[in-house]
Amino acid sequence: MDINKLLLEDERIDDLNRNNYKVIQSKKQFCFGMDAVLLSSFAKIKKGESVLDLGTGNGIIPILLEAKTEGEHFTGLEIQEYNVDMARRSIIMNNQVKKIDIVQGDIKEASKIFGPASFDVVTSNPPYMTANHGLVNPNEGKAVARHEILCTLEDVVRETSRVLKQNGRFYMVHRPFRLIEIINMLTKYKLEPKRLRMVYPYVDKEPNMVLIECVKCGKSRLKIDPPLIVYKAKNEYSDEIYDIYGYDK
């Protein structure tokens with residue numbers, strides 16, 4: 001297959017350093033960042049499990065999870081038509097059409113689209129900012145990815161709880177400044193936080209990401225993982241980040 005024939009104008013192909021997989025990205029749209037890669041490493045998917053990624057964008061999280069885990073099937077839900085098309089072309093490029101589906105639809109309707117208790121695991125890298133947080137990007141695709149324009153934190157958590165099986169797991173990456181709101185929302189919908197890990201740009205800086213694992217109707221007991229440090233020096237990743245990305249040191 002000539003993979004370049006799958007590209008549209010202003011698109012590129014990026015290597016994921018996993019199983020020779022690649023992903024198509026658009027120079028004009030929101031491109032995946034470190035948060036998606038860290039979430040795919042934090043999430044624990046067991047053999048034979050079914051996984052739903054809410055707000056999948058260009059499909060990066062299902063593609064990485066398929067590469068890293070023994071999950072049975074992966075589904076990405078995405079509302080923006082352009083991203084759906086781009087993600088589907090990446091899946092064709094990686095010969096993953098039997099294991100990954102990309103469904104166009106609204107996160108707020110996830111439980112109607114898939115039905116209740118349909119998945120063992122749900123993942124999400126949702127918009128971090130409310131309408132009151134910072135400037136909204138004039139590019140619609142980037143604005144939707146960063147700000148709660150088409151869905152809110154509550155939409156994501158509510159629909160996750162509905163589509164998860166009993167004792168199913170939810171993995172999310174978000175911002176620490178909203179952590180109290182996040183935990184309150186999770187427990188409201190019976191998603192019990194079980195594991196939490198803060199991500200720090202440098203060892204002496206404040207955390208700028210938080211990774212959370214929840215269990216539907218789980219018992220109350222929270223484990224705090226060791227901090228994840230991104231850089232050990234300027235422009236030099238920590239050893240753990242190299243391992244997560246699959247880079248040679």
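The values are calculated or read from the model by the stated rules, or taken from the named source; none is laboratory data. Every value quoted in this text rests on a predicted model; they were computed, and no experiment measured them. Note that we place each Cβ from the backbone using ideal geometry, even for glycine, and neighbour counts take in every protein chain shown.
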Practice prompt. Test each condition in (1) assigned to a loop (DSSP other than H, G, I, E, B); (2) crowded, with 22+ Cβ neighbours inside 10 Å; (3) of a type outside the set (Lys, Arg); (4) in contact with a Lys or Arg (Cβ under 9 Å, 6 or more places away or on another chain) for SER90 and report the one that comes out false.
Written response: (1)
Discussion item. With the requirement that a residue be within 21 Å of TYR82 (Cβ to Cβ), surrounded by fewer than 16 Cβ atoms within 10 Å (Cβ to Cβ) and touching a strand residue (DSSP E or B) at 6+ places or on another chain (Cβ under 6 Å), what does segment 14-40 give you?
Written reply: ASP14
Response to the item:
By residue number, the members of segment 211-249 that are aromatic (Phe, Trp, Tyr) and surrounded by 15 or more Cβ atoms within 10 Å (Cβ to Cβ) are TYR231, TYR237, TYR245
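Yes or no, residue by residue, for (1) part of a loop (DSSP other than H, G, I, E, B); (2) touching a helix residue (DSSP H, G or I) at 6+ places or on another chain (Cβ under 6 Å):
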| site | (1), (2) |
| --- | --- |
| LEU8 | yes, no |
| ARG12 | no, no |
| ASN19 | yes, yes |
| VAL23 | no, yes |
| CYS31 | yes, no |
| LYS44 | yes, no |
Fill in: In segment 94-130, residue surrounded by the most Cβ atoms within 10 Å (Cβ to Cβ) [restricted to those that are in contact with a Ser or Thr (Cβ under 6 Å, 6 or more places away or on another chain) and either touching a residue at least 60 places away in the same chain (Cβ under 8 Å) or closer than 13 Å to THR160 by Cα (or both)]
VAL122
Worksheet item: If you go through segment 222-249, how many residues are more than 17 Å from ASN208 (Cβ to Cβ) and in contact with a Pro (Cβ under 9 Å, 6 or more places away or on another chain)?
Response: 1
Practice prompt. Please enumerate the residues belonging to segment 46-86 that are among the hydrophobic types (A, V, I, L, M, F, W, C) and assigned to a helix (DSSP H, G or I).
Written response: ILE60, ILE61, ILE63, LEU64, LEU65, ALA67, VAL84, MET86
Worksheet item: Within segment 69-84, which residues are at pLDDT 95 or above and surrounded by fewer than 20 Cβ atoms within 10 Å (Cβ to Cβ)?
Response: THR69, GLU70, GLU72, HIS73
Worksheet item: Any residue at all in segment 56-67 that is modelled with pLDDT under 95, over 30 Å from LEU196 (Cβ atoms) and not polar (S, T, N, Q)?
Response: no
